Amino acid sequence: MAVLSKIRQRSLILILVIGFCLLAFIIGDIVNSGGFGVTRNIGSVNGKDIPVQDFLQKVNDVQARQQGISPTQAANAVWNQEVDNILFEERFEKAGIRVGKDHIFNVYAQDPQVAQNPQFLNALGKFDKAKFTEFLVGLKTSNPAQWQMIEKNQGLVENSAKKQLYLTMVKAAFFATDADGKAKYEAEASKASFDYVFVPYSTINDDQVKVSDEELIAFMKKNEKKYKAEASRDLEYVLIENKPSKEDEAEMKKNINALLAPSVSYNKTTGVNDTISGFANVPAATIAEFVNQNSDIKYDTTYVTKQQLPVEFAEQIYNLGKGQVFGPYIDNGYYKLTRMMDKKGNASAKASHILIAYKGGKAPDPSITRTKEEAKAKADDLLKQVNANPGNFAMLAMTNTDDPGSKQTGGEYDNIAPNQMVKPFNDFVFNNPIGTTGVVETEFGYHVIKVTGKNEAVQLATVAQKIEPSETTTDEIFTKATKMEMDAEEKPFADLAKGLGLTVTPANKILVNDEAVASLGSQRAIVKWAYAKDTNVGDVKKFDIPQGHAIVTLKNINEKGLLSIEEAKVSVLPIVRNEKKAELVRKKMEGATLEAVAQKSGSSVALASDTTIANPMIANVGSEPKVIGKAFGLAAGKTSDLIDGQAGVFKIRTKTIAKAAALPNYTAFTTRLNGEGRQQVQGRLSMALKDAAKIDDNRSEFN
């Protein structure tokens, strides 16, 4: 009883202690999950969350697989894949789609790394499921790590199989009818010719027609879906490049020139001064050491052709004698000295060929039906024509070759490296002098070949020193950029740039997950600054970038909704302005006949011949679908009212309507429509699912 009494006396203290412990527990959980105001999810799709940790792991995996890809590029790729997967998974569930072993194998069979692996091919060169199964069974014990990776990706493979099955079903349900095929044929083959009078909108000066911002907004509101826009930022920046001064370049030229003369260097090992030969006289045995000690680019023993040398200096370098030096010269931001080390002949070749393939060979075109004997006879005949008229080789190649890779170049292959081509072709080209012609058989068929050139290759030693600004220059540039950033707090950005002789560059419509900023390249830090809560319109900030310093100002904040006024002035203003111009143009085009309208407007009557619905072009005017549609709707000899077209106002008089002749069937057109439509199914379906989905995107908080 005494204990209970004491508990009652201290009940308030106990309640406070328990409450404090609960609060500590809750706060601890918040901290562990990322803190106040930070979401635990990268986003959600129709209420399904995309956890941060899973997402970031997938981003890391993508970066590991694709060398050179930036974190932002990887994150955007993973995001698109995650959204797509969730949306399609919903469709799979509603459709009741399940996949089995065969579906999974089909996915692997379409992966080039698996399907083209010789280990999994049968005698016919086809993917063999049995061989692949045997490999997987053995992998579990022989390489557990690789097996775990396959197990980890099993869900992705299953989803891919489901997606293939689902898209196959949707594509099968998509079809064009014979009526569609007939309509397509008639749109392409039916032709209308008509006389017309055309008064361009350009006859009215832009300053005669005023369009207010309110009118632009009203027009966009009538077409909201067409002119909707995501939230974006408009920036302006100037780039102050961190580049060497003329004095820096002169000093560097002096330093590299010094390498041509002998020099004295203290040898720590012997304790005496050594005399080092100038670049031209360094022994070949130590040239690599000399280059590597004095150059920003290491010594390379590779032989190169004349075409691989810097274009501006190729002639001088290629014609150097052994041991001679060219330079100093500037190439790609480096001061260089180049010494000729060696030359060798027959390093590359130039040849023209005509491939005559045959059925059963490794033909580029599987539809080829000629026999091997027929192919040989045709090749021999072409060789006779080549020898009789060598200048006709290119034309013969373009009209006869089965090699799509050289068809448009007249059969020519330039700079062929040894063993680049199949052996019989290679041997003919490199073992015969220039001008030799002949027929050679390879696995692809018969080649009519003419050797047209041989190239020497040269081995060079090049000392290259990057032209960089001195420390003094770098400091001056930094001070200049910092001063502009500070001065921009009180003076107009454009005025400061003009005073410093700098160009202001706009970077508009920057989205929250973008990475690139106009010509500055990948600049995620600038994008994040533009979207920061404490960054306001007019704010200026300096960013140190590889090129130097970018001083950036936030010009506009465009919220999600319609296009910004600046964007509307580019894409919407011409449309609204032309609508107003049309009213003025119509007043010039009075008259019941084309001739009367032409006289009144100062225009002339012109003829549009053989126009089609499928390609509604009027020669010397452009695309005018409304005008040509009207022409097909008028009877011959009838005159239209005024028509507001794309480029101006028209009045037309139909001359003839040549309807397409009826065909026995329209299968070819129906098949084409089916193929074109089914090719677009995946993209259109994905876009439709995204448009209908509720997507919350928090990527910018983590990237």
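Tell me which residues, restricted to region 211-225, are loosely packed, with under 11 Cβ neighbours inside 10 Å, without any contact (Cβ under 8 Å) to a residue 40 or more places away in the chain and not in a helix (DSSP H, G or I). Of everything in region 211-225, those that are loosely packed, with under 11 Cβ neighbours inside 10 Å, without any contact (Cβ under 8 Å) to a residue 40 or more places away in the chain and not in a helix (DSSP H, G or I) turn out to be Ser212, Lys225. Pairs are defined by a Cβ separation below 6 Å, a sequence spacing of at least 6 or placement on different chains, a first member in region 176-191 that is part of a loop (DSSP other than H, G, I, E, B), and a second member that is surrounded by 20 or more Cβ atoms within 10 Å (Cβ to Cβ); the pairs so defined are Ala176/Thr670. Any chance region 391-402 includes a residue that's over 34 Å from the mean Cα position of the chain (by Cα), exposed (fewer than 13 other Cβ atoms within 10 Å of the Cβ) and within 20 Å of Val422 (Cα to Cα)? No: zero hits. Can you name every residue in region 558-610 that is farther than 30 Å from Lys225 by Cα and of a type in the set (D, E, K, R)? Matches in region 558-610: Arg586, Lys587, Lys588, Glu590, Glu595, Lys600, Asp610. On inspection, Thr503 qualifies as loosely packed, with under 13 Cβ neighbours inside 10 Å, under 30 Å from Ala250 (Cα atoms) and under 35 Å from the mean Cα position of the chain (by Cα). A single member of Ser640, Ser686 is hydroxyl-bearing (Ser, Thr, Tyr) and closer than 15 Å to Phe198 by Cβ, and it is Ser640. Residues in region 694-703 that are of a type outside the set (Asp, Glu) and assigned to a strand (DSSP E or B): Ile695 alone. Scanning region 41-66 for residues that are surrounded by fewer than 14 Cβ atoms within 10 Å (Cβ to Cβ), part of a helix (DSSP H, G or I) and either small (Gly, Ala, Ser) or in contact with a Pro (Cβ under 8 Å, 6 or more places away or on another chain) (or both) returns a single hit, Ala64. Residues that are of a type in the set (S, T, N, Q) and in contact with an Asp or Glu (Cβ under 8 Å, 6 or more places away or on another chain) were ranked within region 150-208; the one that is modelled with the lowest pLDDT is Asn159. Across region 397-440, the qualifying residues are those that are at pLDDT 90 or above, touching a His at 6+ places or on another chain (Cβ under 8 Å) and part of a loop (DSSP other than H, G, I, E, B), and the one among them that is farthest from Lys376 (Cα to Cα) is Gly411. I need every pair where a residue in region 684-703 that is under 12 Å from Glu90 (Cβ atoms) has its Cβ under 8 Å from the Cβ of a residue that is in a helix (DSSP H, G or I) and of a type in the set (Phe, Trp, Tyr), sequence separation at least 6 or different chains. Qualifying pairs under 8 Å: Leu689/Phe88. Here is the figure for region 441-477: residues that are part of a strand (DSSP E or B) and not basic (Lys, Arg) total 21. Gly453 falls short on exactly one of the conditions (1) over 30 Å from Met340 (Cα atoms); (2) out of contact with any Leu (no Cβ under 8 Å at 6 or more places or on another chain); (3) among the small types (Gly, Ala, Ser), and that condition is (1).
Against the definition (closer than 30 Å to Lys228 by Cα, assigned by TED's automatic domain parsing to the domain that holds Val238, in contact (Cβ under 8 Å) with a residue 24 or more places away in the chain and in a loop (DSSP other than H, G, I, E, B)), how does Val537 come out, yes or no? Taking the combined requirement at face value, the residue does not satisfy it.
For Gly360, the conditions (1) loosely packed, with under 15 Cβ neighbours inside 10 Å; (2) closer than 30 Å to Ile467 by Cβ all hold with the exception of (2). Go through region 341-360 and count every residue that is farther than 23 Å from Gly410 by Cβ and either assigned to a loop (DSSP other than H, G, I, E, B) or small (Gly, Ala, Ser) (or both). The qualifying residues number 4.
Could you check, for region 547-558, whether at least one of its residues is in a loop (DSSP other than H, G, I, E, B) and touching a residue at least 12 places away in the same chain (Cβ under 8 Å)? Within region 547-558, one or more residues are in a loop (DSSP other than H, G, I, E, B) and touching a residue at least 12 places away in the same chain (Cβ under 8 Å). Looking across region 156-206, just one residue is among the charged types (D, E, K, R) and over 39 Å from the mean Cα position of the chain (by Cα), and that is Asp195. Here is the figure for region 396-442: residues that are among the charged types (D, E, K, R), farther than 20 Å from Lys306 by Cα and in contact with a strand residue (DSSP E or B) (Cβ under 7 Å, 6 or more places away or on another chain) total 2.
The test for being in the same structural domain as Gln385 (by TED's automatic domain parsing), out of contact with any Cys (no Cβ under 7 Å at 6 or more places or on another chain) and surrounded by fewer than 16 Cβ atoms within 10 Å (Cβ to Cβ) holds for Ala314.
Checking the structure you have, find out if any residue of region 613-622 is assigned by TED's automatic domain parsing to the domain that holds Val576, surrounded by 14 or more Cβ atoms within 10 Å (Cβ to Cβ) and more than 38 Å from the chain's Cα centre (by Cα). So far as region 613-622 goes, no, none of its residues is assigned by TED's automatic domain parsing to the domain that holds Val576, surrounded by 14 or more Cβ atoms within 10 Å (Cβ to Cβ) and more than 38 Å from the chain's Cα centre (by Cα).
Here is the figure for region 484-496: residues that are surrounded by 13 or more Cβ atoms within 10 Å (Cβ to Cβ) and among the charged types (D, E, K, R) total 2. Filter region 114-158 down to the residues that are out of contact with any helix residue (DSSP H, G or I) (no Cβ under 8 Å at 6 or more places or on another chain) and among the hydrophobic types (A, V, I, L, M, F, W, C), then identify the one that is nearest to Asp84 (Cα to Cα). Across region 114-158, the extreme among qualifying residues is Leu156.
Could you tell me which of the residues Thr472, Thr462 is more than 30 Å from Val325 (Cβ to Cβ) and polar (S, T, N, Q)?
Only one candidate qualifies: Thr472.
Exactly one residue out of Lys306, Lys268, Lys225, Lys298 is at pLDDT 90 or above and among the basic types (Lys, Arg), and it is Lys298. A count restricted to region 590-646 and to residues that are in a strand (DSSP E or B), of a type in the set (Ser, Thr, Tyr) and closer than 29 Å to Asp180 by Cβ stands at 3.
Taken over region 647-693, the criterion of being touching a Leu at 6+ places or on another chain (Cβ under 8 Å), assigned to a helix (DSSP H, G or I) and not charged (D, E, K, R) is satisfied by Val681, Gln682, Leu685, Ser686, Leu689. Residue under question is Lys378, and the condition is that it be crowded, with 18+ Cβ neighbours inside 10 Å, farther than 12 Å from Phe444 by Cα, basic (Lys, Arg) and modelled with pLDDT of 90 or more; does it hold? It is true that Lys378 is crowded, with 18+ Cβ neighbours inside 10 Å, farther than 12 Å from Phe444 by Cα, basic (Lys, Arg) and modelled with pLDDT of 90 or more.
Ser470 fulfils the conditions (1) in contact with a Pro (Cβ under 6 Å, 6 or more places away or on another chain); (2) farther than 14 Å from Glu241 by Cβ except for a single criterion, (1).
Please verify whether region 161-172 includes one or more residues that are without any contact (Cβ under 8 Å) to a residue 60 or more places away in the chain and either surrounded by 15 or more Cβ atoms within 10 Å (Cβ to Cβ) or of a type in the set (D, E, K, R) (or both).
Quick first cut of region 161-172, residues without any contact (Cβ under 8 Å) to a residue 60 or more places away in the chain only: 168, 172.
Still in the running and either surrounded by 15 or more Cβ atoms within 10 Å (Cβ to Cβ) or of a type in the set (D, E, K, R) (or both): none.
No, that holds for no residue.
The values are calculated or read from the model by the stated rules, or taken from the named source; none is laboratory data. Small disclaimer: the values here were computed from a predicted structure and weren't measured. Virtual Cβ from ideal backbone geometry, glycine too; neighbours counted across all protein chains shown.
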